Every structure is written in C-alpha cells, then in structure tokens.
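Visitor: Before anything else, here's the structure in question.
Where a number appears in this text, it was derived from the coordinates with a stated rule and is not lab data. Computed from a predicted model, the values in this text were never measured in an experiment. Here Cβ is always computed from backbone atoms with ideal geometry, including for glycine, and neighbour counts include all displayed protein chains.
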Amino acid sequence: MFNDIGPLELVTLVVLAVLVFGPEKLPKMIQDVTRTIRKIREFSESAKADIRDELGPEFKDFEFEDLNPKTFIRKQLDNDELGLKEIRNGFDLKKEMAEVTDAVHGRESDTSSSSTTGSAGGSVDMTKKREKLDPDERPPYDADAT
C-alpha cells in the first residue's frame, strides 16, 4: 500500500503527525486508525464470504479480483487451452513492421520473400508499379479487396 513512500517522506509524515495531534494524543489516534482499518477488512471479508455462499458451489473458484477488467483479460490470455501463448510467441511485430517498411521503401528484405506470400502461394511484390491499362481494358478483379 505504501510501497512508494521513501524514508524522508515517512519522517516528514511522522513529524507532521506529532505537530498536528501532539505527542500525548498520537498513540490513541494510531490505535483508532488501525482499529478502523481492521474493522473495514473484517467487513469486506465477511461480505465476500456471504456472496460466495449465495452464489453456490458452481462459483467456488470465483475470485473478486477477476471483476477488474485488466485482471480478467490477463487471466484469460494466459489460459493455455486456447493456444494463445504459441500465437503470441510466434508473432514478431518488429520483424513484420521492418518487412513492411522495406517493401514500401523498395528495399529488398532478407526475410520478405519467405513471409509475404499471397493466397495463391506465390511471392507478392509490393513495390511493383501498376501498368497503364488500355482505354478498353478493365482492371483485374481482386477477390480479396472486395
């Protein structure tokens, strides 16, 4: 909870607490604060237990931390049943972006010939200029573009 408070900040808080509450009232204030925090934690745990009891045995593995969207998505993506780890590990975004950049700028990439294949299995030349069509000729039909 207070992981980001340094020693200087902690000393400043203690000195400020002594100045505001006084040395004779400070121990009583610390006891009251800790008692309140303890009661809030007990109330929270009893509410969680009541909710688990009401949900029934089919929700015995339910964790309240899963209600946080980030935690829920992270837990689902780490699930090995879907095989997403292999997909995520096999995809190198930097390499893919470098290949696209090389193709756009007309540079020859050493891995571009192996990874940029079309649906027919041939190599796709992204730097190839479009040829001028005759006035009576129709442009080629691209099923993937429609």
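Visitor: Using the eigenvalues of the Cα gyration tensor, what equivalent ellipsoid semi-axes result for the range 1-61 when each is taken as the square root of five times the eigenvalue, whole Å, largest first?
Guide: Taking √(5λ) for each eigenvalue gives 38, 16, 5 Å, largest first.
Visitor: Sticking with this one: Give me the distance in nm between label points sitting 7 Å out from Cα along the Cα-to-Cβ direction at Phe64 and Phe91, one decimal.
Guide: Distance between label points: 3.5 nm.
Visitor: On to the next question. Aspartates and glutamates near Lys75 by alpha-carbon distance under 12 Å, same-chain residues fewer than 8 away left out - which ones?
Guide: Glu63, Glu65, Asp66
Visitor: How much length, in nm to one decimal, is gained on full extension between Leu10 and Thr101, taken as 0.36 nm per residue of separation minus their Cα-Cα distance?
Guide: Net length gain for the segment: 27.6 nm.
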